[in-house]
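**Q** Mind looking over this structure? Questions follow.
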Amino acid sequence: MTRVLVFIFFTFIAVLVVIFSLRNFQPVDIDLYLTTIQMPLALALTIELFAGILIGFLAAFAYVLKLKSQYRALDREFKTKSQE
């Protein structure tokens, strides 16, 4: 039952994304300081969305690595104290 609900939810989101993309297809100029490029608004927003997702995943990955490092240090400290 939950698989069906998840499928329906993501299908609904996909339909909304397609409708949004079709309604926002006008070209926009994007200034990159050295040059200006022109692309559809929907494409520009999609690129920005995926860039944000990638940055979020990288930040979360860095945090996980930091926590693993702290865990190893505390585990080593615990093992040395328990042997004493």
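The values are calculated or read from the model by the stated rules, or taken from the named source; none is laboratory data. Values in this document were obtained by computation on a predicted structure and should not be read as measured data. Virtual Cβ from ideal backbone geometry, glycine too; neighbours counted across all protein chains shown.
**Q** For region 14-37, what are the residues that are surrounded by 10 or more Cβ atoms within 10 Å (Cβ to Cβ) and in a helix (DSSP H, G or I)?
**A** Passing the criteria: ALA14, VAL15, LEU16, VAL17, VAL18, ILE19, PHE20, SER21, ARG23.
**Q** So the check is Cβ under 6 Å with 6+ separation or different chains; which pairs have a first residue in region 21-44 that's free of Cβ contacts under 8 Å to residues at least 24 places away in the same chain and a second one that's surrounded by fewer than 11 Cβ atoms within 10 Å (Cβ to Cβ) and charged (D, E, K, R)?
**A** THR36/ASP29; GLN38/ASP29
**Q** As an exercise: evaluate THR46 against (1) over 29 Å from PHE20 (Cα atoms); (2) at pLDDT below 95; (3) polar (S, T, N, Q) and give the number of the one condition it does not meet.
**A** (1)
**Q** Please identify the pairs in which a residue from region 69-84 that is free of Cβ contacts under 8 Å to residues at least 40 places away in the same chain has its Cβ atom under 6 Å from the Cβ atom of a residue that is not in a helix (DSSP H, G or I), counting only partners at least 6 apart or on another chain.
**A** none
**Q** Further, regarding this structure: Could you tell me how many of the residues in region 38-70 are surrounded by 11 or more Cβ atoms within 10 Å (Cβ to Cβ) and among the hydrophobic types (A, V, I, L, M, F, W, C)?
**A** Looking only at that region, the number is 8.
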